[in-house]
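One structure below.
The values are calculated or read from the model by the stated rules, or taken from the named source; none is laboratory data. Bear in mind that the values here come from a model prediction, so they are computed numbers and not experimental data. Glycine gets a Cβ as well: all are built from the backbone with ideal geometry, and neighbour counts include every protein chain shown. What goes into the accessible areas is simple: the full protein's heavy atoms, side chains included, and nothing from ligands, DNA or RNA. Shrake-Rupley method; radii C 1.70, N 1.55, O 1.52, S 1.80 Å.
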Protein chains: 2
Amino acid sequence: MVPENVITELVQRTPSKIVLIVMDGLGGLPHNGRSELAAADCPCLDKLAAASELGQTDPISRGITPGSGPSHLALFGYDPLKYEIGRGVLEALGVGLDMTARDVAARGNFATLKDGRITDRRAGRIPTEKNKELCALLSKEIPRIGEVEIVLEPGKEHRFTVLFRGDGLDGRLSDADPQIAPAEPVPAKADVAEAKATADIVNKYIAEATRVLSDRRPANAILLRGFAKYPDIPSMTDLFKLQPAAIAVYPMYRGLAKLVGMKVLDAGETIEDEFNTLAREWEKHDFFYLHVKKTDSYGEDGNFDQKVKVIEEFDRSLPTLLALEPDVICVTCDHSTPAVLKAHSWHACPFLLWSKYCRPSGVRQFVEHECAAGSLGRFPAVEAMTLMLGNALKLAKYGA
Amino acid sequence: MVPENVITELVQRTPSKIVLIVMDGLGGLPHNGRSELAAADCPCLDKLAAASELGQTDPISRGITPGSGPSHLALFGYDPLKYEIGRGVLEALGVGLDMTARDVAARGNFATLKDGRITDRRAGRIPTEKNKELCALLSKEIPRIGEVEIVLEPGKEHRFTVLFRGDGLDGRLSDADPQIAPAEPVPAKADVAEAKATADIVNKYIAEATRVLSDRRPANAILLRGFAKYPDIPSMTDLFKLQPAAIAVYPMYRGLAKLVGMKVLDAGETIEDEFNTLAREWEKHDFFYLHVKKTDSYGEDGNFDQKVKVIEEFDRSLPTLLALEPDVICVTCDHSTPAVLKAHSWHACPFLLWSKYCRPSGVRQFVEHECAAGSLGRFPAVEAMTLMLGNALKLAKYGA
């Protein structure tokens, strides 16, 4: 893998346009002898594949199942082992919280405290409506601890997300959660000296919240875990001299895109909406990340047939993209989510790259086994970015 | 390559079982147009290959011919460039010496000393029987130097292995062997300050041995080389949370397995014995390393036909393994030993991985060129471990 700074030195701004389509969880496994891609009827995608170079990517490394954070960072050209997105941050992005570089995020539970011990880590799974009420109460009663602003976002049942927003905060804290019950509450502890002040603020907030909730039952305490600072990641503009934009319906992917400096566009609701957004904003950017979520959702549900249908729905919208005449088109996934596994998996991701200057594969179908035999070979997903930039004629020669 | 500590964090103990079969030196080269694997009639292995993912590994790196130590370490999931097994240690493991963490091992020669010069580094290749007699004499006369115990193991002709066993020993010593003859004897010298005391003990032992042997002819001196301390390698249980066991007939491979914390089982003599051992011990472990030696032995002899026969013998025993219904089966080699080369070689190793969740290759034969076209691509052997762990559903997701 070429170090980022070397790539940055080679990148040239040009008018050429790249479209990276991430069909979340696209890679599959056979069910009745055919994978989801093999079963899908996709005349447009297959025709594109015939004119494209194919390959397979490993998001992290062979055998490793990636979460959405690292797998997306890799496709955006960032070494996923170097840049870390903490649990709390991913959670906050997922619920659509608009994070700033000053924020430390954490995942929260409402819990039950009795005689000084946590007796139920989920407060009997209180109704979501009750959760909203309690978050509103806490927000009103404890808007800040000293100079640090507290932002709460209720989730489902007992879950919520919290942001601590202030100068000099540090996310390197242990969980303020005993993980089992019954157990004594545990305070957040600083993993490094620099996080000591943040630990004090967090523990003060927990104490205040316990006071505010003291006459409530069963939710009279809070547990916080997965503390993480908003990561300091160089933007795609800094690294790759791109003016990137993101078209994604789900908050987490919009948040991930923002994290690397993409402009987040109004994507609409459907795949067709997303392609229409692409067409509408076409002149304003030179790199578009278009995210299709439901291939993953149905994969996670184990719903093979619906995953196939989403791929076919995508295929019907593809002509909108082709009509724009991009210089580079990449169709791949962040990770595989085979319906038969009902989960993200370690399997290699199918990868298609089309440009005027690619070596056409001539295959009849965009499918895992053709990608496995493809001329791009099997490579780390982080190298997709140089492939796209190269094919867009945006990279100068390395060395004389 | 993912750092070990990251893998350790992802590993979960589960009841799933992995079998890693190392057919030593399996990879070959064409002789009359067909490699050893291509020439072998292996219906069972071929059927397994059709249902498996295939690929090729490089034990160290393209073009590098590996020794058995590093190539096995790689397959066990250890970076072979990071963990070193010194010559003396490998020799000691090879002759079945039961080493401890306190030991420094070295390879020895009986030699001829005349007028203060080494005139024959092999003492005229004395008969093995004479070697045994001299080792017994030295063991009786010089059982220890100070607090350091001396363990001798005669080899063939003039060769022997020696262990220095004591606290605080250090193997970073230069050879006490002029390498050519005639030449002055040379003492062991410490490469680092910490090895100074060990050098003194070694040189004192050489002086004592020369005194004891002084009236013998032609073997009246000893040369020692390849000093190495038993390496401090984290166990597979520490790194991968496995309860591993080794089934290997030859001492070196049993020793290598012990080095990484495997339980060494009683393997018997034949391939069939080894598979029977596997069946007998099946319930007690979750990772089995089964080593087949003779593919390499016949490769080194240049005996193409016998190497083919060993592969076929393996194929006949394979049903015993399949009947156990492992979760993951991996069949590969530590390095290639083409019969036409009569030596270990740098050629990629054929690699087969079967699990319930692999993407079947559908090939008709387990053979080098099908592996070269396989969906796993060509990868460093050290990544085999994460592939096996991933397919056994023993790895948690990386990142959220």
Starting from the Cα of B:R211, step 7 Å along the direction of its Cβ; do the same at B:Q365; then give the gap between the two resulting points in nm. 6.6
How far, in nm to one decimal, is A:M1 from itself in the other copies if the label point is set 7 angstrom along Cα toward Cβ? Shortest first, please. 1.5
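So, with a 1.4 angstrom probe, what is the percent of accessible area on the protein assembly as shown that is carbon and sulfur? Kindly include the intermediate steps, with their values, before the conclusion.
Details: 16050 of 32710 Å².
About 49 percent, which is the carbon plus sulfur part of the accessible surface.
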Lys and Arg at +1, Asp and Glu at -1: neighbours of A:N303 with Cβ under 12 Å from its Cβ sum to -1
Interchain or sequence-distant (5+) residues whose placed amide H lies within less than 5 Å of the amide H of B:F288 are B:I18, B:V19, B:L20, B:A245
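Once you sort the root eigenvalues of the Cα gyration tensor of the stretch B:226-341 as a ≥ b ≥ c, which label holds: rounded (a/c under 1.5), prolate (a/b larger than b/c) or oblate (the other case)?
Values: a/c = 2.11, a/b = 1.17, b/c = 1.80.
Oblate, because a/c is 1.5 or more while a/b does not exceed b/c.
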What average count of beta carbons from other chains do you get within 10 Å of the Cβ of residues in A:365-374? 2
Amide H neighbours of A:R144 at under 5 Å, excluding residues fewer than 5 places away on the same chain, with H built from the backbone geometry, are A:I150
When each copy gets a label point 7 Å from Cα toward the beta-carbon at B:K132, what are the spacings between them in nm, shortest first? 8.8
Report ³J(HN,Hα) in whole Hz for each residue of the stretch A:163-169, in order, from the Karplus equation J = 6.51 cos²θ - 1.76 cosθ + 1.60 where θ = phi - 60°; Gly and Pro get x. 10, 9, 10, x, 7, x, 6
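Over all residues in B:384-391, what is the mean tally of Cβ atoms on other chains that come within 10 Å of each residue's Cβ? Write down the numbers at each step before the final one.
On the way: counts 2, 2, 7, 5, 2, 3, 8, 4.
That works out to 4 on average.
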Just give the residues from the stretch A:11-40 buried by at least 20 square angstrom of accessible area in the all-chains context relative to the isolated chain, probe 1.4 Å, and say none if nothing qualifies. A:L29, A:P30
Part-to-part distance (alpha-carbon centres) for the stretch A:246-304 and the stretch A:79-134, which is given in Å: 25
The ³J(HN,Hα) series, computed from each phi in the stretch A:360-374 with the Karplus coefficients 6.51, -1.76 and 1.60 at θ = phi - 60°, rounded to the nearest Hz and given as x for glycine or proline, is x, 7, x, 6, 8, 8, 7, 8, 3, 6, 6, 5, 5, 9, x
Interface size B-A, as summed buried accessible area [1.4 Å probe, Å², nearest 100]: 2200
Grab the other residues whose beta carbon is less than 14 angstrom from that of B:E370, score K and R as +1, D and E as -1, and report the net. +1
For chain B, what does -39500 (n - 2.57) per DSSP helix run (n ≥ 4), summed and divided by total residues, give at 222 nm, in deg cm²/dmol to the nearest 500? -9500 deg cm²/dmol
Amide H proximity to B:V340 below 5 Å, modelled H, separation 5+ or other chain, gives B:L29
1.4 Å probe accessible area per residue over the stretch A:1-107, in Å²: 33
What are the ³J(HN,Hα) couplings of the stretch A:304-315, residue after residue, when phi is run through the Karplus curve with 6.51, -1.76, 1.60 and θ = phi - 60°? Round to Hz, x for glycine and proline. 4, 5, 6, 4, 4, 5, 5, 4, 5, 5, 4, 4
Give the Cα extents of the stretch B:282-400 along the principal axes, in whole Å, largest first. 51, 31, 26
For A:R13, go 7 angstrom from Cα along the Cα-to-Cβ vector, then report the distances to that same point in the other copies in nm, smallest first. 5.8
Length gain on complete extension for the stretch A:T8 to A:A323, per 0.36 nm per residue less the alpha carbon to alpha carbon distance? 110.3 nm
Potential lengthening between B:A50 and B:D232 on full extension [0.36 nm per residue; Cα-Cα distance subtracted]: 61.5 nm
Are there residues in the stretch A:61-89 whose accessible area shrinks by at least 20 Å² when all protein chains are included rather than the chain by itself, and which are they (probe 1.4 Å, ligands and nucleic acids not counted)? A:S61, A:R62, A:G63, A:I64, A:T65, A:G67, A:P70, A:L81, A:R87
Accessible area per residue, Å², the stretch A:184-287 with all protein chains present, probe 1.4 Å: 45
Using the Cα centre of the stretch A:95-178 as the reference point, and only Cβ charges (+1 on K/R, -1 on D/E), how large is the resulting charge dipole? Debye, rounded to the nearest 20. 360
